[in-house]
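I have placed the structure first, in the form of C-alpha cells, so that the comments after it can refer back to it.
None of the figures in this text is laboratory data; all of them are computed from the coordinates on show. The structure displayed is predicted, hence computed values, not measured ones. Backbone-built Cβ (ideal geometry, glycine too); neighbour counts: all protein chains shown.
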Amino acid sequence: MPIVTEDSRIREILAQTRRVIVIGLSSNPDRPSYEVAQALQSEGFDIVPVNPNEREVLGVNAFPDLRHVTGLTDVVDVFRSSEHVPQIVDACIECHVRTLWLQEGVIHHEAAQKAVDAGIEVVMDRCMLKEYRRLLG
C-alpha cells in the first residue's frame, strides 16, 4: 500500500471519517491547528485534541499523547513539525491507528513508509480541511 495521493481514495477516507485525533491542536485561535479543527468540528467531525500543554480545546478535554486517547478513531491528523513524525508513527502503530494524515508541510518519507509497512494508510503534506472542502464540500 503506497502513500495515498489519489483523490478517489482521499474522498473515501474523508467520507468514512467521523472521529479525528488532532495531534498538536492548540487553543490559540491564531494557530492553523485550531482553525482547521474548528472548521472540521463545525462540519460534524468529532475532534479529539492531543497536546500535553492543553487541558481543553474547542470544548473537548485534551489528552497528553495518543496513547492516552480512549475509544476508536478514524484518522490521526498531525500538526507537529516533521522531526516529530517518527515517534508519532510509533504511537500510531502501537495504538492500531487506521489512517495517519500529515498536514501541509509535515513531511517525513521514512516514517510515512514505516506506517504504510505497518498497514496504516498515510496522507502526507495535505490539509485535511482543504481536501474536505475540495472533494466533499
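Brief remarks follow.
- The stretch 90-123, subset among the polar types (S, T, N, Q) and within 14 Å of the chain's Cα centre (by Cα), residue surrounded by the fewest Cβ atoms within 10 Å (Cβ to Cβ): THR99
- Pair list, Cβ < 7 Å and 6+ apart or interchain, from the stretch 9-32 residues that are in contact (Cβ under 8 Å) with a residue 24 or more places away in the chain and at positive phi to residues that are surrounded by fewer than 14 Cβ atoms within 10 Å (Cβ to Cβ) and part of a helix (DSSP H, G or I): none
- In the stretch 34-57, the residues that are in contact with an Asp or Glu (Cβ under 9 Å, 6 or more places away or on another chain) and touching a residue at least 60 places away in the same chain (Cβ under 8 Å): VAL36, LEU40
- Number of positions in the stretch 1-31 that are out of contact with any helix residue (DSSP H, G or I) (no Cβ under 7 Å at 6 or more places or on another chain) and in a strand (DSSP E or B): 1
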